[in-house]
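The next block holds one structure in the form of structure tokens; read it before the comments.
No value in this document is a laboratory result; all are computed from the given coordinates. Computed from a predicted structure; not experimentally measured. Here the Cβ positions follow ideal geometry from the backbone for every residue, glycine too, while neighbour counts run over all protein chains shown.
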Amino acid sequence: AAPGTEDSPALLQYVKFQSSNFENILTWESGPESPPDTTYSVEYKTYGESVWLAKKGCQGITRKSCNLTMETGNLTELYYAKVTAVRPGGQPFPKISERFSSLQHTTIKPPDVTCVPKVRSIQMIIHPTPTPILAGDGHRFTLEEIFQDLFYRLELRVNHTYQMHLGGQQREYEFLGLTPETEFLGTIMILVPTWSKESAPYVCRVKTLPDWT
Amino acid sequence: EFHFGPCHVEGVALLELWKAFGAMKDIVVTQDKIMSVRLLKQEVFQNVSDAESCYLAHELLKFYLHTVFKDYYHKVVEFKIMKSFSTLANNLFVIMSKLQPRQENETVSIRESAHRRFLLFWSAFKQLNTEAALTKAFGEVDILLTWMGKFYRH
Amino acid sequence: DPGAVVPAPQNLSVHSANMKHLLVWSPVILPGETVHYWVEYQGEYESLYMSHVWIPSSWCSPTPGPECDVTDDITATVPYRLRVRATSGPRASAWSALKPPFNRNSTLLLPPRMAVRKDGSHLVIELEDLGPQFEFFVTFWRKAPGAKEHAKVVRSVGFPVYLGAMEPGAVYCVKARALVRAIARRSAFSQAQCVEVQGEALPL
């Protein structure tokens with residue numbers, strides 16, 4: 001039976017990209033009838049081009065994932081990936097992913113934050129988030145450079161009754177007017193409104209210092 | 001709101017456009033079997049100036065609403081995505097209606113530059129058979145929204 | 001009477017407040033029969049480019065009662081044409097159309113309900129959750145001659161949010177109005193609410 005047709009055994013399923021902070025990993029699952037010694041080869045293509053390119057390092061592999069970050073790193077392009085499963089003595093079984101755009105599909109990881117308790121305030125310092133995307137001058141773009149409207153939302157839960165909110169595009173914030181020697185729960189998220197992306201929160205539990213004055 | 005150069009458009013949330021297209025995208029894009037052709041190529045949007053953006057947005061939206069959306073509707077009914085289609089079409093219609101690109105003499109060169117970009121898209125569209133062209137163009141609404149997103153202000 | 005004509009629903013109108021839109025009409029009375037209603041809608045795009053196209057309403061195809069929540073169907077700020085017909089068994093009435101078409105920018109925006117309180121020296125507000133399209137413009141001030149008014153846009157709703165710090169012995173007041181960007185409109189301000197902070201008032 002011709003590969004990939006209805007009656008050829010399904011050696012492969014769920015070929016898709018998993019993308020987080022622009023790290024793009026192609027994953028797939030073996031089919032219900034694929035023997036353990038099935039091997040897989042990965043190719044990729046830019047949407048609009050005709051040539052499929054083989055991904056070095058993912059040819060004849062047995063694992064079910066392949067890192068295509070560098071190959072799919074152009075933010076204005078869209079891509080397809082193709083996995084071909086081969087079982088010894090059998091027909092190759094190709095399957096193509098959905099059209100992938102890292103700008104649309106990537107999820108945002110929680111930010112990297114340092115929470116600094118003081119006597120009557122808590123300072124929060126958000127560190128820039130590098131991505132694998134390389135700029136022309138070779139430096140790695142940060143999320144802030146890629147998404148112009150990226151901003152941070154900071155919430156401080158005050159003894160389970162109300163929340164204090166700060167937010168903006170700068171990286172340093174301070175919640176003021178707090179009670180000394182009291183525990184607070186801080187959550188910090190990255191939001192990208194244009195793409196309606198919202199990271200999971202970074203959470204820090206901090207206690208303000210005692211007031212010795 | 002959208003700021004396509006001097007043209008400002010209020011009352012349309014980009015999030016609603018993405019949500020509406022997102023509800024249709026999987027079924028629509030998988031219909032496009034021609035992976036080696038992209039209608040909204042990079043060159044259509046490369047280095048579009050603010051001044052040009054109003055003309056280009058108007059011309060693309062007009063074509064999409066007059067031709068692509070209208071002539072693709074039989075597929076919309078077949079795939080039972082009328083509700084999301086209606087949300088997308090009516091919101092894009094609001095944007096197109098509010099884009100009033102100026103027509104004075106000093107904007108001739110800008111208009112022509114925008115029109116050349118549109119013709120890049122249109123000529124690629126014309127090279128495919130109608131059904132394939134409509135399917136591909138509708139499937140590339142995400143590329144259009146990605147470009148429009150650059151002119152969106154919160 | 002199986003042969004009798006089913007009358008078309010009459011007196012269609014839309015009651016819309018805070019971006020919730022309810023289409024209502026007079027019930028069709030057919031003694032001894034069960035009447036259902038079917039609602040369809042058309043945005044400006046459909047009426048201009050494909051006027052034969054009508055889309056079944058999300059929640060009322062069919063519905064037993066003489067009303068239909070069309071909020072989820074009205075998803076753009078353009079005129080929407082709505083129509084209703086009644087059915088009894090296999091028989092159906094003619095369509096009745098809403099005149100004039102409905103545009104959500106005519107919705108009635110009410111001043112938001114809010115709860116203002118203090119937690120120690122912190123001024124705290126909780127605003128009602130009116131849905132994702134709403135933001136709130138909140139102003140607060142110390143009740144004293146020449147006091148400056150502070151303003152904040154609050155998007156978090158449904159739980160108390162810190163507004164600012166208060167000085168002991170002072171009275172602080174708060175008012176809020178709702179903003180809806182989708183229709184570029186805002187409500188009137190709510191009635192101001194004030195709280196007093198315990199302790200010695202600081203010299204001005």
- Can you give the direction-averaged projected area of the convex hull of the alpha-carbon atoms in the range A:145-195, in nm²? 4.3 nm²
- Note on the structure: Cα-Cα longer than 30 Å, checked against B:LYS25/B:LYS98; C:LYS99/C:LYS152; A:LYS56/B:LYS75; A:LYS45/B:LYS98, kept in input order, equals C:LYS99/C:LYS152; A:LYS56/B:LYS75; A:LYS45/B:LYS98
- Query: Setting aside same-chain residues fewer than 8 positions from A:LYS55, which aspartates and glutamates have a Cα under 14 Å from its Cα?
  - Reply: A:GLU43, A:GLU71
- Message: Viscosity 1.567 mPa s, temperature 4 °C: what is the translational diffusion coefficient of the range B:42-107 from Stokes-Einstein with a Kirkwood Rh over Cα pairs, rounded to a whole number of µm²/s?
- Response: 96 µm²/s
- Task: Tell me, rounded to the nearest percent, the portion of alpha carbon pairs in the range C:18-92 spaced more than 18 Å apart.
- Result: 42 percent
- Item | For the range C:40-130, alpha-carbon Rg and Dmax in angstrom | 19.8, 68
- Message: Could you tell me what a quarter of the Cα convex hull surface of chain A works out to, in nm² with one decimal place?
- Response: 16.7 nm²
- Query: Once you list every other residue whose beta carbon is under 15 Å from the beta carbon of A:GLU198, what net charge do they have if Lys and Arg are +1 and Asp and Glu are -1?
  - Reply: +3
- Neighbourhood net charge (13 Å Cβ-Cβ; Lys/Arg +1, Asp/Glu -1) for B:THR107: -3
- Express in whole angstrom the spacing between the alpha-carbon centres of the range C:145-176 and the range C:76-125. 30 Å
- Note on the structure: Expressed in angstrom, Rg and Dmax over the Cα atoms of chain C are 24.4, 87
- Taking only the alpha-carbon positions of the protein assembly as shown and ignoring solvent, what does the Debye formula give for the base-10 log of I(q)/I(0) at q = 0.07, 0.08 Å⁻¹? -0.59, -0.75
- Sorted by chain and then number, the residues having a modelled amide H within less than 5 Å of the amide H of C:THR71, at least 5 places away or on another chain, are C:HIS21
- Item | Where only alpha carbons of the range A:95-213 are counted, the Rg and the Dmax (Å) | 17.5, 70
- Message: Please compute one quarter of the surface area of the Cα convex hull for the range A:11-68 and express it in square nanometres.
- Response: 4.6 nm²
- If you take all C-alpha pairs in the range B:59-154, what percent of them are over 23 Å apart? 31 percent
- If each residue's Cβ is checked for other Cβ atoms within 10 Å, how do A:TRP52, B:TRP18 rank with the fewest at the top? A:TRP52, B:TRP18
- With a cut-off of at most 14 other beta carbons within 10 Å, and DSSP calling the residue loop, which trypsin sites (Lys or Arg not before Pro) in the range C:138-204 qualify? Please list them. C:LYS143, C:LYS148, C:ARG155
- Query: Out of the range A:16-105, which trypsin sites (Lys or Arg not before Pro) are coil in DSSP terms and have no more than 16 other C-beta atoms within 10 Å?
  - Reply: A:LYS56, A:ARG63
- What helices does chain B have that are whole DSSP H segments, at least 15 Å long along their own axis by Cα, and with mean Kyte-Doolittle hydropathy of 0.5 or more? B:14-29, B:82-98
- Message: For the range B:1-110, take every pair of Cα atoms, bin their distances at 10 Å starting from 0, and report each bin as a whole percent.
- Response: 12, 38, 35, 13, 1
- Using only the alpha carbons of the range A:82-140, determine the length spanned along each of the three principal axes and report them from longest to shortest in whole angstroms. 71, 30, 22
- Message: Roughly how far apart, in whole Å, are the Cα centres of the range A:48-91 and the range C:8-63?
- Response: 51 Å
